[in-house]
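Visitor: The structure follows.
The values are calculated or read from the model by the stated rules, or taken from the named source; none is laboratory data. Remember, predicted model here, so these are calculated numbers, not experimental data. All Cβ positions, even for glycine, are placed from backbone atoms using ideal geometry, and neighbour counts span all protein chains on display.
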């Protein structure tokens, strides 16, 4: 695929809303060979800081399990700690301190949770394997998405040319301001210089950064060509998604979900 083709692809509106039990989920039309989606406020399954919602979200999880035709016990959900730790998801196993899971088993599904951080779904078409990575600023600065791809290459001989990457809803540059030390750590992950992922606020000596675009550049530099990047900002789209910053830390989580299909 030529660079011009890649740029045209990003301009297309590949994301679409569908429903599970009449509740919204978000998918990308770019990835059709694996079942994937992002839950919304309606279809949320992780109450996190809202324990009063647990019963409602358990029902949503049951509907999603039925939709994917798996048992609820076959959802693998790691304990996310903003690390750069990557593991293969296996039935019945627990994953503390893990922010990327790689999936090769068609009998299970993986779920990672978000509320402003960047979700990245990877799918290897040739080997029918996939992954979800949780890329907040710490994960992005630790190159969690490139490390996930390296892990997939080591374990399954995944090549970048066979990858479809879906960058999900996350906070936008407009609402994400950081100090220079964070900006420097994130910027050091890129081999080339770009000016489209940050704005310098000289008045406050801070930087507004777009983690979705940083992860986009990390993927491009690794040779991934098939990338769909969601336009939704979680801070602005509070009616659809959750925002840790806008809701002052007391919020549930939307989720990235991935299940493999028979090929």
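Visitor: Return the only residue of 45, 64, 70 being modelled with pLDDT of 95 or more and closer than 24 Å to residue 249 by Cα.
Guide: Of 45, 64, 70, the one residue that is modelled with pLDDT of 95 or more and closer than 24 Å to residue 249 by Cα is 45.
Visitor: Next question. So which of 105, 124 ends up being more than 25 Å from residue 210 (Cβ to Cβ) and surrounded by fewer than 23 Cβ atoms within 10 Å (Cβ to Cβ)? Reasoning before the result, please.
Guide: Details: 124 fails: surrounded by fewer than 23 Cβ atoms within 10 Å (Cβ to Cβ).
Of 105, 124, the one residue that is more than 25 Å from residue 210 (Cβ to Cβ) and surrounded by fewer than 23 Cβ atoms within 10 Å (Cβ to Cβ) is 105.
Visitor: What are the residues in region 189-225 that are surrounded by fewer than 16 Cβ atoms within 10 Å (Cβ to Cβ), out of contact with any strand residue (DSSP E or B) (no Cβ under 9 Å at 6 or more places or on another chain) and not in a loop (DSSP other than H, G, I, E, B), if any?
Guide: 221
Visitor: Does residue 231 meet the test of being within 24 Å of residue 149 (Cα to Cα) and at pLDDT below 95?
Guide: Considered against the rule, which asks whether it is within 24 Å of residue 149 (Cα to Cα) and at pLDDT below 95, residue 231 comes out as yes.
Visitor: Report, ordered by the first and then the second residue, all pairs with beta carbons closer than 8 Å, sequence separation of six or more or different chains, a first member in region 59-77 that is assigned to a loop (DSSP other than H, G, I, E, B), and a second member that is surrounded by fewer than 19 Cβ atoms within 10 Å (Cβ to Cβ).
Guide: Filtered contacts from region 59-77: 70/107; 71/65.
Visitor: To continue, here is another question. Would you confirm, using the coordinates I've provided, whether residue 147 is surrounded by fewer than 21 Cβ atoms within 10 Å (Cβ to Cβ) and in a helix (DSSP H, G or I)?
Guide: yes
Visitor: Applying the selection to region 155-173, what residues are in a helix (DSSP H, G or I), free of Cβ contacts under 8 Å to residues at least 60 places away in the same chain and under 14 Å from residue 103 (Cα atoms)? Walk me through how you get there before you give the answer.
Guide: So the first thing to find is which residues in region 155-173 are in a helix (DSSP H, G or I), and the list is 155-156, 160-162, 173.
Going one step further and asking which of them are free of Cβ contacts under 8 Å to residues at least 60 places away in the same chain, we end up with 156, 162, 173.
Passing the criteria: only 156.
Visitor: If you go through region 22-58, how many residues are assigned to a helix (DSSP H, G or I) and buried (at least 17 other Cβ atoms within 10 Å of the Cβ)?
Guide: Number satisfying all stated conditions: 1.
Visitor: Of the conditions (1) farther than 25 Å from residue 23 by Cα; (2) in a strand (DSSP E or B); (3) touching a residue at least 60 places away in the same chain (Cβ under 8 Å), residue 259 clears all except one; give me its number.
Guide: Result: residue 259 passes all but (1).
Visitor: Give the residue that is farthest from the chain's Cα centre (by Cα), with candidates limited to residues of region 126-140 that are more than 19 Å from residue 229 (Cβ to Cβ) and touching a residue at least 40 places away in the same chain (Cβ under 8 Å). It would help to see each step written out before you state the result.
Guide: If we filter region 126-140 for residues that are more than 19 Å from residue 229 (Cβ to Cβ), which is where we start, we get 126-129, 138.
Still in the running and touching a residue at least 40 places away in the same chain (Cβ under 8 Å): 128-129, 138.
Numbers: 128: 18, 129: 16, 138: 14 Å.
The qualifying residue farthest from the chain's Cα centre (by Cα) is 128.
Visitor: Is it true that residue 176 is under 18 Å from the mean Cα position of the chain (by Cα) and either over 27 Å from residue 102 (Cα atoms) or free of Cβ contacts under 8 Å to residues at least 60 places away in the same chain (or both)?
Guide: Yes: the conditions hold for residue 176.
Visitor: So which of 122, 101 is at pLDDT 95 or above and either within 21 Å of residue 48 (Cα to Cα) or in a loop (DSSP other than H, G, I, E, B) (or both)?
Guide: 101
Visitor: Look at region 75-95 and say how many of its residues are within 17 Å of residue 260 (Cα to Cα) and in contact with a helix residue (DSSP H, G or I) (Cβ under 8 Å, 6 or more places away or on another chain).
Guide: Final tally of qualifying residues: 3.
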